[in-house]
Amino acid sequence: MTASAAALEPPLALLAELTHRCPLQCPYCSNPRALVTRAAELDIATWQRVLTEAAKLGVLQVHFSGGEPTARRDLLDLVRHAAGLGLYTNLITSGVQLDRARLAALADAGLDHIQLSFQDVDDAPGDAIAAYDGAQAKKRAVAALVVAQGLPLTANLVVHRRNLGRLAAMIDMAAGLGAARIEVAHAQYYGWALANRAALLPTRAQLEDADRVVDAARATLKGKVVIDYVTPDYYARRPKACMSGWGRRFINITPEGKALPCHAAETIPGIAFPFVTRESLSTIWQSSAAFARFRGTAWMPEPCRSCDQREVDWGGCRCQALALTGDATRTDPVCTLAPDHTLIEAALADPAREELTFRRFERV
Amino acid sequence: MTDAAAAPYRFAPGVKFRFDDTRQAWIVLAPERLFMPDEHATEILKLIDGARTADAVIDDLAARFDAPRATIAADVLEMLQDLIDRGVLRR
C-alpha cells in the first residue's frame, strides 16, 4: 500500500499544546526535554485560525493540552471558538489552577469534557512526584467542582514503579470523586520519562498485579465507569500502534506552532516539521514531507515490511525506535521480532534507581 | 420496585452522536474516544432521546424494517447493553 493523496483520510483529532508552562514538575511528563518558552507561544488569532482549518479538514475532537493549558488566560476564548465550530472539546489539565468560576465559564463556553490527572492517592507521594505542595488535595477539590458543574470527568491515573501498589486505591478514589471514565496510564518512556526510566519502570510482577487490579475494577464498575488501560509497551510482545499510525489520525501542534504527527516527533533528526504559521493545516496534512515520512507501510524495513501485523501496529513507534536505537527508521525494539529487541531486555534488567530528574525549563 | 424494562435510555454525559459531513457518516463522540457505529447501532442510536424505552426502540425498528418483533428484540437488547457497557448510553 502506498500513502497516495487520494486514499488519505482526514485526521480525527488535534492535540493543541497551548503552552509548555506548568506549575507541576512530573518526571514522566510527555513534553520534550527542550521546552518552549512563553515568548515563543502562538497568539490566539493563530490558534483560532488553526482550529477553523482543523474543523474544515475533518478533525472531530480537539484536546487542549500543554504543559498546563489553563496557564493561558485566553483558554476560554479558544474553547468557545472550537465549540462554535462543532469540535468536541477536551481539556487535559492538572487542575491546580482551576476554581469554581473558571470551570463555570469553561462549561458555558461549550467545553465537552475534562481530563484531570492524578499522580497518586496519598497526598505525600502525590505532591512529591509533582514537586508541588498541596497538589493532591487541590486535585480532589477540583474534581468535585468539575462534577458539580456537570462536566464529564476523566481521571487520568499515571502509574509507575513507585505508586503501582496503590492502584486499587487510586481507582476507588477516582470512582468516588465521580469520574465516569478512568484512564490508567502507565508512564510511556520518552523524553523526561526515558531519562527517569530506571526509577519508574515497573517490574513484571507489579505489572501483572496491576492487570489484575484493572480487570477486577472493570468488573465492579461495569456500566458505571469506563476504564481505559494504557500498558507499558516494554512488556508487550508486539509494539503499540503509536498514534494509530504516523500521519493517519492525529495532528499535534506545539506551543510555537510546529505541526507534528505525535508529540515526541520533534526528537527525530532530519525532518523539517511544518509550522502552522506558514502553511495551512490541510497543506500540512496532505502535502508535507514530514507527515508523509512514515505514513503507511512503504517506508518500512524488514521484519515489518513483510509482517502480517504491519497495518495493525504500523511498525510501532518511530520516536521509540530513535530513542533506543538512534535510528527512527528501524523496527520498534519493543517487538520481539525486532533486530534490536535485546535493548528492551537490557532495559528491563537495569537495576532500579531512586533519584528522579524533575521536569524543568533548562536554560542552554 | 422500578421496572427496568420501562427505564428510558439517554446518552451518557459527554457523549455526542452526530452526522459528520466530511465523512458522510454518523459518529459517536465521547470523552477521548470516537467511533463510527455500524448501520444497526446507528439506527438504534438515532432513536435515543431520553424518553424511549427498549420496548419503544424495538417497536419502532420492527415497524420500519417490517421485521418480526421477536427476531430483532434480542439483537437490540444486546446492542443497548453493549452501548451501556461502553459508556455511550445510560438509563
Taking segment B:34-60 on its own, how many of its residues are more than 8 Å from chain A (Cβ to nearest Cβ), over 10 Å from the mean Cα position of the chain (by Cα) and outside any loop (DSSP other than H, G, I, E, B)? 7
Being away from every other protein chain (no Cβ under 14 Å) and closer than 15 Å to A:L177 by Cα is the filter; apply it to segment A:95-118 and report the residue that is nearest to the chain's Cα centre (by Cα). A:F118
Right, A:S288: in contact with a helix residue (DSSP H, G or I) (Cβ under 6 Å, 6 or more places away or on another chain), surrounded by 13 or more Cβ atoms within 10 Å (Cβ to Cβ) and either of a type in the set (S, T, Y) or within 20 Å of A:I268 (Cα to Cα) (or both) or not? no
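Residue under question is B:D82, and the condition is that it be in a helix (DSSP H, G or I), over 26 Å from A:A179 (Cα atoms), of a type outside the set (S, T, N, Q) and at pLDDT below 95; does it hold?
no
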Quickly run through segment B:1-33 and pick out the residues that are away from chain A (no Cβ under 14 Å) and assigned to a helix (DSSP H, G or I). B:A5, B:A6
From the options A:G165, A:G178, residue that is over 21 Å from the mean Cα position of the chain (by Cα), among the small types (G, A, S) and not in a helix (DSSP H, G or I): A:G178
So if I check each of A:L51, A:L91, A:L15, which one is more than 20 Å from A:V146 (Cα to Cα), crowded, with 16+ Cβ neighbours inside 10 Å and within 14 Å of chain B (Cβ to nearest Cβ)? A:L15
When segment A:211-237 is examined, which residues are found to be crowded, with 17+ Cβ neighbours inside 10 Å and either β-branched (V, I, T) or in contact with a Cys (Cβ under 7 Å, 6 or more places away or on another chain) (or both)? A:V213, A:V214, A:V225, A:V226, A:I227
Would you tally the residues in segment A:158-180 being within 14 Å of chain B (Cβ to nearest Cβ) and modelled with pLDDT of 95 or more? 4
Determine if segment A:27-48 includes at least one residue that is touching an Asp or Glu at 6+ places or on another chain (Cβ under 6 Å), among the small types (G, A, S) and buried (at least 24 other Cβ atoms within 10 Å of the Cβ). no
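The values are calculated or read from the model by the stated rules, or taken from the named source; none is laboratory data. Keep in mind the model is a prediction, meaning the values are calculated, not measured. When we count neighbours, we look across all protein chains shown, and the Cβ atoms used for this are built from the backbone with ideal geometry, even at glycine.
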